[in-house]
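To start, the structure itself, in structure tokens.
The values are calculated or read from the model by the stated rules, or taken from the named source; none is laboratory data. What you see is a predicted model; the values in this text were computed from it and never measured. Here the Cβ positions follow ideal geometry from the backbone for every residue, glycine too, while neighbour counts run over all protein chains shown. The accessibility values were calculated without ligands, DNA or RNA, using every heavy atom of the protein model including side chains. Shrake-Rupley method; radii C 1.70, N 1.55, O 1.52, S 1.80 Å.
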Amino acid sequence: MRRISKRTVFLLILMGILVAGLLFFTARYFLHAREWVTFQGSPHVYSGSNLSSGRVTDRSGVLLLDSTGESRVYAEDETIRKATLHLLGDRYGYISAPILTEYADKLVGFSIVNGLYGAKQASNTAVLSISAQVQKVALEALSGYHGTVGVYNYKTGEILCAVTSPSYDPDNMPDIEGDQTGAYDGVYLNRFFQIATVPGSIFKALTAAAAIETLGDLSGRTFTCNGTLDIEGDTLVCNGTHGTQTLTQAFANSCNVAFGQLAMEVGAEAMEEYAEKLGITTSLSFDGLTTAAGSFDLTDAANFEIAWAGCGQYNDLINPCQYMTYMGVLANGGEAALPYIMDRVEGGVFAGYEHGKKTTGRVLERATTDTIAQMMRNNVVNIYGAWQFPDLEVCAKSGTAEVGDGTTPNATFAGFIRDTDYPLAFIVIIEHGGAGSAAAAPIAGKVLNACVDVLSQEKS
């Protein structure tokens, strides 16, 4: 009996180990099966570095990519192929497609219950929030300039436009390595997500927010600009001689003297706090994408450097997607939806996906954003020309970002539409484009009007 008892205990221990192992494997399966099945390099899911299953369309159903056959089939329209290249990737893996990798399990039809070979395997469709037509208009409007255009709905978070230039046709790849013209410099970079760039005077919208919330009511204050401001032996040069002006007038004049003074009064510590709170120094992560982080570092900065930073220069850097989101915050009363591109994946019950809304949380007081929005509207009406945005209540700020080395400045332009039917925030950055109001504003006008056309068609 004693021997039988020992055997029973031994068998029970073995059974316990077996059950524990099965439970451990089952848990691991449910937690990691998607990763195991869809890892890059899997011959069942990838062809080289490209996902070999699923289809991708824009918000209107325009086919952007079909990977269900032996090779990739891109959009019929050449310009649309170029305009969506940095989102979908090319044939050879020079440009990746993290959005498709992130949702690979959904596109191949994998489910925990049915495994990889479900009823809809290799036929699921990803629907992106972008508009192929708007992408096309944006790339054509850039006219060969290196830069980026972004537009998103600050109520819902859906990105309608995320174009980067230069680009190329994935169906007719040029000799990039042999190019001597510079036309393809930085072509493998997604300038909307992957870079941080000097903002120039569009950054004054952040300096204004910090000043309004830390210095109190500025509505009755005036600033005197004589063209320069001497700061402890250094000279801050303005873009004009503006005389005595209110904050609204200084914002419209893009006065370096006024905003340099405000930045120094706010102080380095508070300016850094607002840059962090408004997302300038952090990254956004969504749909497998992680944006570049901007920079706003005033460690040991002298007063002249603080003033220059308040004008969007010194060592200031912004990521276009992140700063576009800040424009959404200004438009939406201090809190905005976070951006996204993958709207949904149409598939089986277990394989589908639909985006859920996320927000920034409240980062500014409504009174602050209302004041800045009104100043930005004044800019459009009295400086840039409302005629560039017919029938749209556009609020904006331009910038001319000095990038050193005696080169032509970058043109920047950012803002939003105040309209419940078309709640859109935007940013345009043109490398070496010159003045933002002259070079970037017309591009914004073309792209915003294209967005409105698309949204109007969806409502009808």
Self-check item: Efficiency of FRET from Cβ geometry, ASP297 and ILE176, R₀ 45 Å, rounded to 0.05
Solution: 0.85
Quiz item: Hey, any idea what % of the stretch 257-408's accessible area is carbon plus sulfur with a 1.4 Å probe?
Solution: 45 percent
Quiz item: SER219: accessible area at probe 1.4 Å, nearest 10 Å²?
Solution: 90 Å²
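For the pairs LYS106/LYS446; LYS136/LYS277; LYS204/LYS459; LYS136/LYS357; LYS155/LYS277, note any where the Cα-Cα span goes beyond 30 Å. Don't skip to the answer; put the middle values down first.
On the way: LYS106/LYS446 35 Å; LYS136/LYS277 34 Å; LYS204/LYS459 36 Å; LYS136/LYS357 27 Å; LYS155/LYS277 20 Å.
Cα-Cα > 30 Å for LYS106/LYS446; LYS136/LYS277; LYS204/LYS459; rest within.
For ARG366, ARG221, write out the residues from largest to smallest accessible area, computed with a 1.4 angstrom probe and no ligands counted. Walk me through the numbers on the way to the answer.
Details: ARG366 125, ARG221 75 Å².
Putting ARG366, ARG221 in descending order of accessible area: ARG366, ARG221.
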Quiz item: Considering amide H positions built from the backbone, and no H for Pro or chain starts, which residues 5 or more places from SER60, or on another chain, come under 5 Å of its amide H?
Solution: ALA132
Quiz item: What figure in square angstrom, to the nearest 10, would you give for the accessible area of ASP66 with a 1.4 Å probe?
Solution: 30 Å²
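Quick check: with the 1.4 Å probe, what order do LEU189, LEU455 take by accessible area, largest first?
LEU189, LEU455
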Quiz prompt | Apportionment of accessible area to carbon and sulfur, the stretch 135-235, percent (1.4 Å) | solution = 43 percent
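How do MET376, MET264 stack up against each other in accessible area, from largest to smallest, with a 1.4 angstrom probe? Kindly include the intermediate steps, with their values, before the conclusion.
Working: MET376 0, MET264 55 Å².
The ordering from most to least exposed comes out as MET264, MET376.
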Self-check item: Under the Karplus curve 6.51 cos²θ - 1.76 cosθ + 1.60, θ = phi - 60°, whole-Hz ³J(HN,Hα) for the stretch 395-412, x wherever Gly or Pro sits
Solution: 10, 7, 9, 9, x, 10, 8, 6, 10, x, 6, x, 8, 4, x, 7, 8, 10
Practice problem: Helix by helix through the chain, keep the DSSP H runs that span 30 Å or more along the axis on Cα and average at least 0.0 on Kyte-Doolittle, and give those back in order. | Solution: 2-38
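Report the calculated FRET efficiency for GLU78 and VAL19 (r = Cβ-Cβ distance, R0 = 60 Å), to the nearest 0.05. List each step's numbers first, then the result.
On the way: r = 60 Å, r/R0 = 1.00.
Computed FRET efficiency for GLU78 and VAL19 comes out at 0.50.
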Quiz prompt | R0 of 41 Å, Cβ-Cβ distance TYR94-GLU365: FRET efficiency to nearest 0.05 | solution = 0.35
Exercise. Could you run the Debye sum over the Cα atoms of the stretch 278-364, one equal point scatterer each and no solvent, and tell me log10 of I(q)/I(0) at q = 0.18 Å⁻¹, two decimals?
Key: -0.87
Self-check item: the chain - accessible surface per residue (Å², probe 1.4 Å)
Solution: 43 Å²
Exercise. Quickly estimate the mean residue ellipticity at 222 nm for the chain, helices only: each DSSP H run with n ≥ 4 gives -39500 (n - 2.57), and the total goes over all residues, rounded to 500.
Key: -11000 deg cm²/dmol
Exercise. Compute the Rg/Rh shape ratio of the chain: radius of gyration over Kirkwood radius, all on alpha-carbon atoms.
Key: 1.09
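Expressed in nm to one decimal, what extension gain is obtained for the pair GLU458 and ASP405 from 0.36 nm per residue of sequence separation less their Cα-Cα distance? Working shown, then result.
Values: separation 53, 0.36 × 53 = 19.08 nm, distance 4.69 nm.
Net length gain for the segment: 14.4 nm.
To check you understand DSSP bridge types, tell me what percent of the beta bridges within the chain (both residues inside) are antiparallel, rounded to 5. Could you put the intermediate results ahead of the total?
Numbers: 54 of 58 bridges.
The answer is about 95 percent antiparallel.
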Practice problem: Would you kindly find the accessible area of ILE231, with a 1.4 Å probe and non-protein molecules such as ligands, DNA and RNA excluded, rounding to the nearest 10 Å²? | Solution: 10 Å²
Quiz item: Based on the alpha carbon coordinates of the stretch 205-290, what radius of gyration and maximum Cα-Cα distance (Dmax) apply, in Å?
Solution: 15.3, 50
Self-check item: Interchain or long-range residues, amide H under 5 Å from THR125's placed H
Solution: ARG55, GLU346
Quiz item: Can you list residues whose amide H is under 5 Å from ILE195's amide H, if they're 5+ apart or on another chain and H is modeled 1.01 Å from N?
Solution: ALA292
Quiz prompt | Table column - 3J(HN,Hα) (Hz), the stretch 219-231, Karplus curve with 6.51, -1.76, 1.60, x for Gly and Pro | solution = 5, x, 8, 10, 10, 10, 10, 9, x, 9, 9, 7, 10
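Starting from the stretch 217-301, pick out the GluC sites (Glu not before Pro) whose DSSP state is loop and whose Cβ has at most 15 other Cβ atoms within 10 Å.
Numbers: sites: GLU232, GLU265, GLU269, GLU272, GLU273, GLU276; in loops: GLU232.
Counting only loop positions with at most 15 other Cβ atoms within 10 Å, the GluC sites (Glu not before Pro) in the stretch 217-301 are GLU232.
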